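In what follows, a single structure is set out as structure tokens and then discussed.
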Amino acid sequence: MINNKYEMIIKDIKKAINTGKYPVDTKIPSENQLAAEYKVSRQTVRKALRALEQEGELYARHGSGTFVSKRIIKRGNSKNIAVVSTYMSDYIFPMVIQGINQVLSDKGYSILLKTTNNSRKGEAWCMEELLSKNIDGMIIEPSQSAISCQHQVLYDQMDSLGIPYVFIQGCYEAMMDRPYVMLDDVEGGRLITNHLIELGHKRIAGIFKADDNQGILRHKGYVKALQEAGIPYDPDLVIWFHTKDKKMKPMEGILRLIEYGHPFHAVVCYNDEIAADIIKGLTNIGRNVPHDISVTGFDNSLLASSRGITTIAHPQEELGKIAASTLTGLIDGTISRKDAHVLLKPELVERKTTL
């Protein structure tokens, strides 16, 4: 138990420093206060504080107490780059990581991989841990990027420490001035919807993810294509879902449209995973894809190619390469932060799920 409390004290003080609760030169609570808070002996507290002093997080001032040290980050010396992704082992992410690794390994960098499971708490935890390590930079896919970031202070801390970072796949709205490499999701949403319109479809349902910026932007492209074609936007044909309900909500929404008599002849899906689920669900209720209903995906994943899904090409490996090159440019000063904003052009991939 003592060891657990000892480690908890260290972790909690590091977190307080990283989140800005204890700024540089701030006096932390006394040994007596910490001992009472954690219900441990002063000896356990003293041991934890000494460990933090040895790591350079704290310094003791005789007769005054213990204070937060100023961190000295040696940029460009560790050759370690952190890559933080929402997921690591499925969908398009392995190809993105492959592109990142190819560029970084060629330049002599090692990669520290972290995953958040698309959780903002998980992202904050990863960043808190990485801030205590010697890294030269970070490539990060934000978690639930359409929701206001509650841990922006950690990014501000990265800025103050001179650690460059690049967002990939999406970016928090309040931090669009920070470096990013993304697919043009608005144009992708417009392209895929326009494809269905050109095939003669007018009643087009849409399924979009509400808690990440990609979903918001792809919906924006969907709306844009309808407006350009003079087709009224019908909110009843749009189904929104969140990360936690992605397995159930999309198909439930489609079944509800059918049950309540909202006719539609095509579906624009947030990504290939959702499209595959919708195709399976429609088939199970006796609807033929594409003869009864056309279905599109987004990302051109292996899932799309194996199942013949019409989709939008996502330059997965290329995005990873560009992100890595952008970050190394920020590190060595050949790219300025204001120029580190890259939008990649989407392309339509027509297959057998649209008619």
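Read through the list (1) in the same structural domain as Gly137 (by TED's automatic domain parsing); (2) assigned to a strand (DSSP E or B); (3) among the hydrophobic types (A, V, I, L, M, F, W, C), then give the number of the only condition that Val268 fails.
With respect to (1) in the same structural domain as Gly137 (by TED's automatic domain parsing); (2) assigned to a strand (DSSP E or B); (3) among the hydrophobic types (A, V, I, L, M, F, W, C), Val268 is out only on (1).
Going through the range 24-72 one residue at a time, which ones are part of a helix (DSSP H, G or I) and either small (Gly, Ala, Ser) or assigned by TED's automatic domain parsing to the domain that holds Met158 (or both)?
Ala35, Ala36, Ala48, Ala51
Between Lys209, Lys224, which is closer than 19 Å to Gly281 by Cα and either under 28 Å from the mean Cα position of the chain (by Cα) or of a type outside the set (Lys, Arg) (or both)?
After ruling out the rest, the residue left standing is Lys209.
Quick one: which residue in Glu228, Glu273, Glu198 is of a type in the set (D, E, K, R) and surrounded by 19 or more Cβ atoms within 10 Å (Cβ to Cβ)?
Glu273
Looking at this structure, is Gly65 in contact with a strand residue (DSSP E or B) (Cβ under 6 Å, 6 or more places away or on another chain) and at positive phi?
Yes, satisfied.
For the range 299-318, give me the residue count where each residue is in contact with an Asp or Glu (Cβ under 8 Å, 6 or more places away or on another chain), over 20 Å from Gln98 (Cα atoms) and part of a loop (DSSP other than H, G, I, E, B).
Residues in the range 299-318 being in contact with an Asp or Glu (Cβ under 8 Å, 6 or more places away or on another chain), over 20 Å from Gln98 (Cα atoms) and part of a loop (DSSP other than H, G, I, E, B): 1 in total.
For the range 271-291, how many residues are part of a helix (DSSP H, G or I), of a type outside the set (Asp, Glu) and without any contact (Cβ under 8 Å) to a residue 40 or more places away in the chain?
The qualifying residues number 6.
Are there any pairs, at least 6 apart or on different chains, whose C-beta atoms fall under 8 Å, with the first in the range 185-204 and outside the structural domain of Arg218 (by TED's automatic domain parsing) and within 11 Å of Ile231 (Cβ to Cβ) and the second at pLDDT 95 or above and surrounded by fewer than 20 Cβ atoms within 10 Å (Cβ to Cβ), and if so, which?
Partner pairs satisfying both residue conditions: none exist.
Considering the range 14-62 alone, what residues qualify as being closer than 25 Å to Cys126 by Cβ and in contact with a Lys or Arg (Cβ under 6 Å, 6 or more places away or on another chain)?
Those that are closer than 25 Å to Cys126 by Cβ and in contact with a Lys or Arg (Cβ under 6 Å, 6 or more places away or on another chain): Val24, Tyr38.
Based on this model, can you work out whether Arg337 counts as under 27 Å from the mean Cα position of the chain (by Cα) and either over 20 Å from Met176 (Cα atoms) or surrounded by fewer than 21 Cβ atoms within 10 Å (Cβ to Cβ) (or both)?
Yes.
Give me the residue from the range 293-310 that is over 22 Å from Leu255 (Cα atoms) and of a type in the set (Ser, Thr, Tyr) and, out of that set, surrounded by the most Cβ atoms within 10 Å (Cβ to Cβ).
Within the range 293-310, the match that is surrounded by the most Cβ atoms within 10 Å (Cβ to Cβ) is Ser301.
Looking at this structure, is Gln102 exposed (fewer than 15 other Cβ atoms within 10 Å of the Cβ), in contact with a helix residue (DSSP H, G or I) (Cβ under 8 Å, 6 or more places away or on another chain), at pLDDT below 95 and more than 30 Å from Gln54 (Cβ to Cβ)?
no
Considering each residue of the range 29-69, count those that are touching a helix residue (DSSP H, G or I) at 6+ places or on another chain (Cβ under 7 Å) and within 22 Å of Met158 (Cα to Cα), and give that number.
Number of matching residues: 5.
What pairs can you find where one residue is in the range 331-355 and part of a loop (DSSP other than H, G, I, E, B), the other is among the acidic types (Asp, Glu) and crowded, with 18+ Cβ neighbours inside 10 Å, and their Cβ atoms are less than 7 Å apart, with a gap of 6+ or different chains?
Sorted first by the residue in the range 331-355, then by its partner, the pairs are Pro346/Glu187.
With the range 123-230 as the region, which strands (runs of 3 or more DSSP E) entirely inside it contain at least 2 residues that are within 21 Å of Leu113 (Cβ to Cβ)?
The qualifying strands (runs of 3 or more DSSP E) are 137-140, 165-168, 180-183.
The values are calculated or read from the model by the stated rules, or taken from the named source; none is laboratory data. Computed from a predicted model, the values in this text were never measured in an experiment. Neighbour counts run over all protein chains shown; Cβ positions are idealised from the backbone, glycine included.
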